[in-house]
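Following: one structure in structure tokens, then a few remarks.
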Amino acid sequence: MADVEYLKSLLRPFPDWPKKGIVFLDIFPLLRDPVGFETLITHFVHRLTSHTIAKSPTKKIDVVVGLDARGFLFGPIIAMRLGAAFVPVRKKGKLPGEVVHAEYEKEYGVDVFEMQSDAIKPGQNVVIIDDLIATGGSAKAAGELVAKLGGKTLEYLFIIELTFLKAAEKLDAPMYSIVKIDD
């Protein structure tokens, strides 16, 4: 898949960041490259239209959920291309009105994600998107929010997956990632 190699080539590694022994892959060079960004969006939309929608009982995706904050960068564009709504998942205290919340574990404690309580209607088909999946805690919390509102998560989508952390085992729906990091 030439597009995967192209996208991977645009990611910039930062060894020993944020701490020694970690190689951080920066997605922002990909977003600064118009052809790279278009390739990313097209890759995700192709995945959803050729694979995910076929497995949906209604043959459509109603909502794209983007995780705070990098899921906000490409989630709305993908939603627009699919004719779907975009719904943000935010950190606690950032959304107005009535919200539902879910806790998730972070490296140094617990955090809370929230979604507006009228953002998803019962029975709607949802995909959840973010830039990276590591341990899967934040993605799992987003899936819990979708379920609390009666939505059905069809798939989780990520640019980068740290496969050795086995996050897919924690999720309630299939997961797709473009770039897989095995160590």
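The values are calculated or read from the model by the stated rules, or taken from the named source; none is laboratory data. Since the model is a prediction, treat every value here as computed from it, not as a measurement. Cβ placement follows ideal geometry from the backbone for every residue including glycine, while neighbour counts extend to all protein chains displayed. The accessibility values were calculated without ligands, DNA or RNA, using every heavy atom of the protein model including side chains. Shrake-Rupley method; radii C 1.70, N 1.55, O 1.52, S 1.80 Å.
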Counted residues, the stretch 139-163 - those being open to solvent by 20 Å² or more (accessible area, probe 1.4 Å) and within 19 Å of D26 (Cα to Cα): 3
By residue number, the members of the stretch 1-36 that are out of contact with any helix residue (DSSP H, G or I) (no Cβ under 6 Å at 6 or more places or on another chain), closer than 16 Å to L132 by Cβ, assigned to a strand (DSSP E or B) and open to solvent by 80 Å² or more (accessible area, probe 1.4 Å) are V23
Would it be correct to say that H51 is part of a helix (DSSP H, G or I), of a type outside the set (A, V, I, L, M) and open to solvent by 80 Å² or more (accessible area, probe 1.4 Å)? no
Do you know which of the residues in the stretch 58-77 that are under 22 Å from G123 (Cβ atoms) and free of Cβ contacts under 8 Å to residues at least 60 places away in the same chain is least open to solvent (accessible area, probe 1.4 Å)? G75
Taking E169, is it touching a residue at least 40 places away in the same chain (Cβ under 8 Å), of a type outside the set (A, V, I, L, M, F, W, C) and over 18 Å from I27 (Cα atoms)? no
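Could we say that D131 is in contact with a strand residue (DSSP E or B) (Cβ under 6 Å, 6 or more places away or on another chain) and modelled with pLDDT of 95 or more here? Break it down into steps so the answer makes sense when it comes.
On the way: in contact with a strand residue (DSSP E or B) (Cβ under 6 Å, 6 or more places away or on another chain): yes; modelled with pLDDT of 95 or more: yes.
For D131, the condition - in contact with a strand residue (DSSP E or B) (Cβ under 6 Å, 6 or more places away or on another chain) and modelled with pLDDT of 95 or more - is met.
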Those strands (runs of 3 or more DSSP E) lying entirely in the stretch 71-183 with at least 3 residues among the polar types (S, T, N, Q): none
May I ask you to list pairs of residues, at least six apart or on different chains, whose Cβ atoms are under 9 Å apart, with the first in the stretch 1-25 being farther than 24 Å from Y108 by Cα and the second being at pLDDT below 95 and loosely packed, with under 10 Cβ neighbours inside 10 Å? none
